């Protein structure tokens, strides 16, 4: 009975944990989508900047319908009409569970593009528009990626097409699709607006990388010294950083030495240098970049 109770408690804790993760991701998706919608409607659309994706096509369609058509086609209509077949295709190729989060983002974006009041922000200053548009769009997209979602469009279409075009990487497929949209925007709005849009795309990428990788990057200090224990004890005590020791052999001298490895932050590196210098000025010290560091002291929780 006690074993069953423990198993039930464990299952209950896992259920609560999953619920909290889903609840957290729900609000992250809402926030990320809202920021993306703001960038599209209030920054990119008034300035005529097409950065790719279905949102870029929606900007083109609205402009053409407003200036050359019998009536204006709003952003939300194009976003809805183009994304529906993409979602159906993704549902058929990947299954419903794989697209449910992106489906939520798509519904929220369509509603926000419809309900957000018309307004214009810094449309007369294309540089400010492309910079802040890139920051907002990148921040919103980064939050969506943290919650394992996107706003649909070319990202989802590229992932679905990759099932059939296996010789082409997914990232390249998405680049091709977005590139085609940017070219269409160049014909409609001109090369100057397109060049600003490319700057915005670059900023988006940097912001997305920062949000997605924030807290995961680290430094790796590799230390070979004649006083490994003293250095290890001081790092553990003063910096509260873990140290791993490996056995190494210097092939020139054929002598055995401990090789100390410490994963740390950028701020820790000068302090570790001082500790090594204090005990052994002839120590061999290497600092390298770590693209992801998961675990206690870095990203402590795995989801």
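Here, each number is a calculation from the coordinates, and none is a lab measurement. Just so it is clear, the model here is predicted, and its values are computed rather than measured. Glycine also receives a Cβ, built like all others from the backbone with ideal geometry; neighbour counts cover every protein chain displayed.
Using C-alpha pairs below 8 Å separated by at least 6 residues, the relative contact order for the chain is 19 percent. From its DSSP helices (H runs of at least four residues, each -39,500 (n - 2.57)), the chain gives a residue-normalised ellipticity at 222 nm of -20500 deg cm²/dmol.
What ranking of 234, 33 emerges when the number of other C-beta atoms within 10 Å of each C-beta is taken as an exposure proxy, fewest first?
Details: 234 18, 33 27.
Ranking 234, 33 by Cβ neighbours within 10 Å, fewest first, gives 234, 33.
Considering only 263, 203, 35, the mean-square fluctuation computed in a Gaussian network model of the chain, springs between alpha carbons under 10 angstrom, is largest for 263. For the chain, the longest principal axis of the alpha carbon atoms and the long axis of helix 268-279 meet at an angle near 10°.
Quick one: work out the % antiparallel among DSSP beta bridges in the chain, nearest 5. The partial results should precede the final answer.
Values: 20 of 21 bridges.
Rounded to the nearest five, the antiparallel share is 95 percent.
Say each of residue 287 and residue 180 gets a label point 7 Å from the Cα, pointing the same way as Cα to Cβ; how far apart are those two points in nm? Roughly 4.7 nm, to one decimal.
Label zone (residue 227, point 7 Å along Cα-to-C-beta; backbone nitrogen cut-off 13 Å) within the stretch 233-268: 233-235.
For residue 20 and residue 64 in the same chain, what is the full-extension length gain: residue separation times 0.36 nm, less their Cα-Cα distance, in nm?
Working: separation 44, 0.36 × 44 = 15.84 nm, distance 4.48 nm.
Contour length minus Cα-Cα distance gives 11.4 nm.
Of all the options 283, 90, 197, the one that moves most in a Gaussian network model of the chain with Cα springs shorter than 10 angstrom is 283. Pairwise Cα distances in the stretch 218-290 exceed 18 Å for 32 percent of all pairs.
Model label sites at residue 277 and residue 237, defined 7 Å from Cα along the beta-carbon direction, differ in position by 2.1 nm. Rounded to the nearest 10 degrees, the angle from helix 170-189 to the longest Cα principal axis of the chain is 40 degrees.
Inter-part distance, the stretch 63-123 to the stretch 22-46, computed on C-alpha centroids, equals 13 Å. Gaussian network model of the chain, Cα springs within a sub-10 Å range: biggest mean-square fluctuation belongs to which of 74, 270, 117? Most flexible of the set in this elastic network: 270.
Among 148, 281, the order by Cβ neighbours within 10 angstrom, fewest to most, reads 281, 148. Sort the chain into rounded, prolate or oblate with this rule: let a ≥ b ≥ c be the square roots of the eigenvalues of the Cα gyration tensor; rounded if a/c is under 1.5, and if a/c is not under 1.5, prolate when a/b is larger than b/c, oblate otherwise. Verdict is prolate for the chain.
Taking the fewest neighbouring Cβ atoms within 10 Å as the starting point, the ordered list for 27, 91, 76 is 27, 91, 76. With a simple spin-label model that places each label point 7 Å from the Cα along the Cα-to-Cβ direction, the separation between residue 89 and residue 217 comes to 3.5 nm.
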